[in-house]
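Below is one structure; the comments refer to it alone.
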Amino acid sequence: MPDYMDQDTACQALTTDRDHLLAAIEADLGGTPPEIHHNPLRPEPISLTDLVIHVSMWDEIVLAVLTEAQAGRAHWYVDPRWETRDCGRALNAGGVAAGRLLPPELVHDRFRTVRDALITATASVDPGLWHKDLPFRHSGEEPQTLSGLCYKVNMPEADPTQSKVYQHASVHLGR
């Protein structure tokens, strides 16, 4: 059985991972674009801005899942009808296409804001709720607790090993 992480470890993992993407943004602004190892949209290379849009979109979904779960409600994303390859690809393509309409500075600002909100929200969960049974069922094999739900929704789709929980940006950056 995998380790579903305590809150502090989950927050540290999120922080470390998203800091890798912040470092990639800074390197790119400095003229040294990072190599991106996995394009969630298609086999062709992906730009750093597209990756930032992609991670931000999923972090916003994870933040909404966490918020709804604490209110005792299941977010639409934990409904198995949404957990198909086609739905995931459509969300990725649509989210990135919409983000491309924005200037990169706004995309980067959005990422920083969402990054901070997700880490803060995860750290702010009442510790008594972290391992408590949820009042609804999520579709994963993980425990039906907030920690299990967070584990499930923080597993990068690009990780074939299913071992890099809370490491979304790192998986795409090949770290």
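The values are calculated or read from the model by the stated rules, or taken from the named source; none is laboratory data. Here the structure is a predicted model, which means the values were calculated and not measured. All Cβ positions, even for glycine, are placed from backbone atoms using ideal geometry, and neighbour counts span all protein chains on display. Please note that ligands, DNA and RNA were not included when accessible areas were found on the heavy atoms of the full protein model with its side chains. Shrake-Rupley method; radii C 1.70, N 1.55, O 1.52, S 1.80 Å.
Taking ARG100 as the residue in question, decide whether it is touching a residue at least 24 places away in the same chain (Cβ under 8 Å) and of a type in the set (Lys, Arg).
Values: touching a residue at least 24 places away in the same chain (Cβ under 8 Å): yes; of a type in the set (Lys, Arg): yes.
Spelling it out, ARG100 is indeed touching a residue at least 24 places away in the same chain (Cβ under 8 Å) and of a type in the set (Lys, Arg).
Output the residues belonging to the stretch 155-175 that are under 11 Å from the mean Cα position of the chain (by Cα) and open to solvent by 70 Å² or more (accessible area, probe 1.4 Å). Once the filter is applied, which keeps residues that are under 11 Å from the mean Cα position of the chain (by Cα) and open to solvent by 70 Å² or more (accessible area, probe 1.4 Å), the stretch 155-175 yields only GLU157.
Taking the criterion of being in contact (Cβ under 8 Å) with a residue 24 or more places away in the chain and surrounded by fewer than 13 Cβ atoms within 10 Å (Cβ to Cβ), the residues of the stretch 127-136 that qualify are PRO127, PRO135.
Just a yes or no: is a residue in the stretch 91-100 in contact with a Lys or Arg (Cβ under 7 Å, 6 or more places away or on another chain), of a type outside the set (A, V, I, L, M, F, W, C) and either buried (at least 18 other Cβ atoms within 10 Å of the Cβ) or at pLDDT 95 or above (or both)?
Pass one, the stretch 91-100, residues in contact with a Lys or Arg (Cβ under 7 Å, 6 or more places away or on another chain): none.
Checking the stretch 91-100: not a single residue is in contact with a Lys or Arg (Cβ under 7 Å, 6 or more places away or on another chain), of a type outside the set (A, V, I, L, M, F, W, C) and either buried (at least 18 other Cβ atoms within 10 Å of the Cβ) or at pLDDT 95 or above (or both).
On the stretch given as the stretch 42-77, residues that are surrounded by 15 or more Cβ atoms within 10 Å (Cβ to Cβ) and at pLDDT below 90 total 2.
In the stretch 103-117, which residues are touching a residue at least 60 places away in the same chain (Cβ under 8 Å) and either open to solvent by 30 Å² or more (accessible area, probe 1.4 Å) or of a type in the set (S, T, N, Q) (or both)? So that I can check it myself, show each step before the final result.
We begin by selecting, within the stretch 103-117, every residue touching a residue at least 60 places away in the same chain (Cβ under 8 Å); these are 108, 111-112, 115.
Matches in the stretch 103-117: ARG112, ARG115.
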